[in-house]
Amino acid sequence: PQTIYLKDYTPFGYLIDSVHLTFKLHPTTTRVLSRIAFRPNPDATDKTFFLHGEQLTLISAKIDGAEITPEVTDEGLIANVPDAPFVWEAEVEISPSTNTALEGLYMSNGMYCTQCEAEGFRKITYYPDRPDVMATFDVRIEGDEKVLLSNGNPGASGDGFAEWSDPWKKPAYLFALVAGDLVNHPGQFTTKSGKDVELNIWVRPGDDGKCAFGMQALKDSMKWDEDVYGREYDLDIFNIVAVDDFNMGAMENKGLNIFNSSCVLASQATSTDADFERIEAIIAHEYFHNWTGNRITCRDWFQLCLKEGLTVFRDAQFTADMRSEPVKRIDDVIALRARQFPEDQGPLSHPVRPEEFQEINNFYTATVYEKGAEVIGMLKTLVGDEAYYQALDLYFERHDGDAATIEDWIKVFEDCTGRDLTQFKRWYSQSGTPKVSVREEWQAESGTFTLHFSQSTAPTPGQDVKDPRVIPIALGLLNPNGDETHPTRIFEMMEAEQSLTFTGLGARPIPSILRGFSAPVMLEQDIDNARRAFLLAHDTDEFNRWEAGRDLARDSLINMILKDAAPDPAYLDGLKRVVTDTSLDAAYRALMLAQPTETELAGALAALGETPDPDKIYAATKALSKAKAGILADDLHALYSDNQPQGPYTPDAEGSGKRALANMAMALLGRLGQLDPAKAQFATADNMTQQIAALATLVREGAGTEAVQDFYDQWKSDRLVIDKWFGLQAGMADPDQAAEVAKALTQHADFDMKNPNRFRATLGAFAGNHAGFHHATGAGYKLLADWLIKLDPVNPQTTARMCTAFQTWKRYDSQRQSLIRAELERILATEGLSRDTHEMVTRILG
Ligand code: B3K
Ligand code: ZN
């Protein structure tokens, strides 16, 4: 396979003035007619006229009306063209119904839909399928379906056809088409300059009752982007469509966002509080792309974080504003550590802006998205809020209509602030998670307190030497009484070693370091449990307060695993105080009650140079939650009943926080053998949050057989709920039975490997069942590998993504390592393996 390099970028030899497309829809023989006005690009030296095209049957091609015979390969075509403006016309045939890769034009439940990012448009027609070639599109769709949609504003329509025209120049990856017998949930928004926008969420008949929440989220997003970033919507209409078969969450096509139905359909009965929050965030994310991604797009795919990091950062700000800022921050850091840290510390490590790839779809990663967002958060911290929004204004003003680069992005900050950001840019080019160590020095006689910081980053694939980065470290000081004497300030670390001194102190202070997780680093502090318990009780920074509890829990678990220690009383006492402190909000207390996952513990052990033993981790995790249940025994009933939200169900921060805390209490009661609350809740719940939490508690305690069947009978006609049913069983199965349980689920009549949601719900959840997946027999590894081999020819993108389940393989003992290696090699030896999976497995093997 061919490797593409950032350093090889050259502009395309031609510019496009306009694109006209006509689609004559048919499940197996759709015809696509294109008429494209090209002219030579004065800034390009290479004038090869190469158009991408894959899996297309070329019917005819013309230049300025004259039929030509281009040179066609598997990847595209080359033609001789005039050194002057010319019109390209082509007719191709494609087969949407046999397109199971879900890239290009495909069919899902009888409806036509598209996915073109990153390089799917080349499966629709011949085109320079690269983000720096931008054009206006006029589209005519001919088909019998009731609803025919494309990007932009609607034009003429009638019996069997509809026309759309998008006045904004866009790259082909933002093209979209939808055709089907859909119904709409309508809405309306008036922009701040008074423009009326028609809003629609299009769904299959029967799903129309699940659109109201998404519609409100869309309106909230539109308003928020006006208020916070001054960004207004720019078309007469904004359409969202829900499709069942979709490789990712959603896609920001101009004016026509296409969503995985799981990321837009919401109802009290079928969606959990977490689903509601996720749906709100994804709707916001895709909407925010209209400016950060669409109006300003990426010059090439190496710049992906330009739109994704920024848009994730923006959607996180939105969620923090809509809900709770500290809770959102804690959730994001948990996710970053669970998904990005392992990636950045293993064989798949790559810079936020990668410099090479074989298959770009493999780089829609936690590093590009989540670390990309962290980098923007650091930039904002360093320049301050005011300069941040000024720089963003300049970015929108200077680059509107551009296909931009990270250099362009950094330059607006430099121009606005006069700061030299050369060193900061290392965050985009250096991979790996920096480790920051802190040593304290206290001089009692002079009242001087010094923090000595040092930073280092371990080598990563292809990068042996790391240079010091700019690390904004938010910190404050408390005195021994627990009062904050020095509020949060930002220490800008720029050297490998650097110190910060405080003078005139009456007593040795207790520092609170890396508040709000101000940089995506691993902090190493030589502090004892008494100090952590103190911070858990007194820190004014809610993030660090949570972090102190988390550290205590983790260390306690590690001591239980490595030294057969008993659960740490300092942790349990501190936890009890926080969890029963009714002045703290319920969501925060629920977060405090949670403990590190088994996968996170495996990572923590590996970081200590220990080999994680999945069985011991499983046992310790269970033992710690029993100990928590024990110490909280007298409080659990009250925690459970006091936190039942009153009145009708609302998926807002307050209601979900209470349900989260009550459900935790229910789960802990389960650990004490008290299953009545769970049984009653399962029987009477009027919302999915409570129903599935009760089911999980029953299953966890080995008392769920009947409830699992009841749940299936109740929900068998709802695909999204049945995904949860598959996921819960595969994810929670007893480690010794997990591979069998997961295998049986893949043999269930409702298992459908062509549906990515179902595949992920089953095998993704199984891979997340740490002790089950890593069972010493290797049965888990074999099951996953078997299914990856089966799925690859059907859907390479989803297959490749799920290979990441193996990315941490070098953490484990040599026995497990050789079992995994054998499976990876078996996958690699599969004949006709996709480029996607080939690249992933090769990198994972290292
Ligand atoms: N931009 C899309 C992701 C496309 C993934 C292509 N493999 C969704 C998003 O980030 O908003
Ligand atoms: Zn995005």
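Structure notes:
- Residues of the stretch 341-378 classified as within 15 Å of ligand 1 (Cβ to nearest atom) and either in a loop (DSSP other than H, G, I, E, B) or free of Cβ contacts under 8 Å to residues at least 24 places away in the same chain (or both), total: 6
- Residues in the stretch 300-317 that are within 9 Å of ligand 1 (Cβ to nearest atom) and either among the polar types (S, T, N, Q) or closer than 15 Å to ILE410 by Cα (or both): LEU304, LYS307, THR311.
- Where ALA594 falls short, out of the listed (1) of a type in the set (A, V, I, L, M, F, W, C); (2) farther than 30 Å from ARG811 by Cβ; (3) surrounded by fewer than 20 Cβ atoms within 10 Å (Cβ to Cβ): (2)
- Selection status of LYS810, surrounded by fewer than 21 Cβ atoms within 10 Å (Cβ to Cβ), in contact with a Gly (Cβ under 8 Å, 6 or more places away or on another chain) and assigned to a helix (DSSP H, G or I): yes
- Any hit, the stretch 815-829, residues being among the hydroxyl-bearing types (Ser, Thr, Tyr), in contact (Cβ under 8 Å) with a residue 12 or more places away in the chain and not assigned by TED's automatic domain parsing to the domain that holds TYR106: no
- Annotation: ARG337 fulfils all but one of (1) in a helix (DSSP H, G or I); (2) touching an Asp or Glu at 6+ places or on another chain (Cβ under 7 Å); (3) within 16 Å of ligand 1 (Cβ to nearest atom); the unmet one is (3).
- Residues within the stretch 510-519 that are assigned to a loop (DSSP other than H, G, I, E, B) and out of contact with any Pro (no Cβ under 8 Å at 6 or more places or on another chain), tallied: 1
- Cross-chain or 6+ apart pairs with Cβ under 7 Å, the stretch 306-325 first and among the hydroxyl-bearing types (Ser, Thr, Tyr), then within 13 Å of ligand 2 (Cβ to nearest atom): THR311/HIS285; THR311/PHE288; THR311/HIS289; THR311/THR292; THR311/GLY293; THR319/ALA281
- Screening the stretch 31-57 for residues that are touching a helix residue (DSSP H, G or I) at 6+ places or on another chain (Cβ under 9 Å) and farther than 22 Å from GLU67 by Cβ and picking the one that is surrounded by the most Cβ atoms within 10 Å (Cβ to Cβ) gives GLU54.
- The lone exception for SER267 - which of (1) surrounded by 24 or more Cβ atoms within 10 Å (Cβ to Cβ); (2) away from ligand 2 (no atom under 14 Å from the Cβ); (3) of a type outside the set (Asp, Glu) it fails: (1)
- Matching residues, the stretch 788-800, being in contact (Cβ under 8 Å) with a residue 40 or more places away in the chain and crowded, with 21+ Cβ neighbours inside 10 Å: LEU788, ASP792, ASN795, PRO796, GLN797, THR798, ALA800
- The condition of being polar (S, T, N, Q), in contact with a Cys (Cβ under 9 Å, 6 or more places away or on another chain) and within 16 Å of ligand 1 (Cβ to nearest atom) does not hold for THR405.
- Against the conditions (1) under 41 Å from the mean Cα position of the chain (by Cα); (2) over 30 Å from GLU308 (Cα atoms), ASP64 satisfies every one except (1).
- Total residues in the stretch 741-773, condition of a type in the set (Ser, Thr, Tyr) and surrounded by fewer than 22 Cβ atoms within 10 Å (Cβ to Cβ): 1
- Scanning the stretch 280-294 for residues that are touching a strand residue (DSSP E or B) at 6+ places or on another chain (Cβ under 9 Å), within 11 Å of ligand 2 (Cβ to nearest atom) and in a helix (DSSP H, G or I) gives ILE282, HIS285, GLU286, TYR287.
- Of all the listed residues (ALA638, ALA627, ALA602, ALA660), the sole one being surrounded by fewer than 16 Cβ atoms within 10 Å (Cβ to Cβ) and at pLDDT 95 or above is ALA638.
- When residues of the stretch 275-299 are limited to those that are without any contact (Cβ under 8 Å) to a residue 40 or more places away in the chain and surrounded by fewer than 23 Cβ atoms within 10 Å (Cβ to Cβ), the one nearest to ligand 1 (Cβ to nearest atom): ILE282
- The single residue among THR45, THR22, THR28, THR69 that is assigned to a strand (DSSP E or B) and polar (S, T, N, Q) turns out to be THR22.
- Conditions (1) within 16 Å of ligand 1 (Cβ to nearest atom); (2) among the hydroxyl-bearing types (Ser, Thr, Tyr); (3) farther than 30 Å from ASP723 by Cβ; number of the one not met by TYR173: (3)
- In the stretch 242-262, residue surrounded by the fewest Cβ atoms within 10 Å (Cβ to Cβ) [restricted to those that are assigned to a strand (DSSP E or B), among the aliphatic types (A, V, I, L, M) and within 14 Å of ligand 1 (Cβ to nearest atom)]: ALA250
- Set side by side, the residues THR297, THR311 differ, and just one is of a type in the set (S, T, N, Q), at negative phi, assigned to a helix (DSSP H, G or I) and within 13 Å of ligand 2 (Cβ to nearest atom), which is THR311.
- Count of residues meeting criterion [of a type in the set (Gly, Ala, Ser) and within 24 Å of ALA587 (Cβ to Cβ)] in the stretch 223-280: 7
- Of the residues PRO186, PRO205, the single one that is surrounded by fewer than 19 Cβ atoms within 10 Å (Cβ to Cβ), in a loop (DSSP other than H, G, I, E, B) and modelled with pLDDT of 95 or more is PRO205.
- Residue among ASP718, ASP713, ASP642, ASP686 that is over 33 Å from the mean Cα position of the chain (by Cα) and among the acidic types (Asp, Glu): ASP642
- Entirely in the stretch 74-137, the strands (runs of 3 or more DSSP E) that have 3 or more residues that are away from ligand 1 (no atom under 16 Å from the Cβ): 76-79, 86-94
- Unique residue being of a type in the set (A, V, I, L, M, F, W, C) and free of Cβ contacts under 8 Å to residues at least 24 places away in the same chain when the list is VAL72, VAL81: VAL72
The values are calculated or read from the model by the stated rules, or taken from the named source; none is laboratory data. Values in this document were obtained by computation on a predicted structure and should not be read as measured data. As a convention, Cβ positions derive from the backbone with ideal geometry for all residues, glycine included, and neighbour counts pool all protein chains shown.
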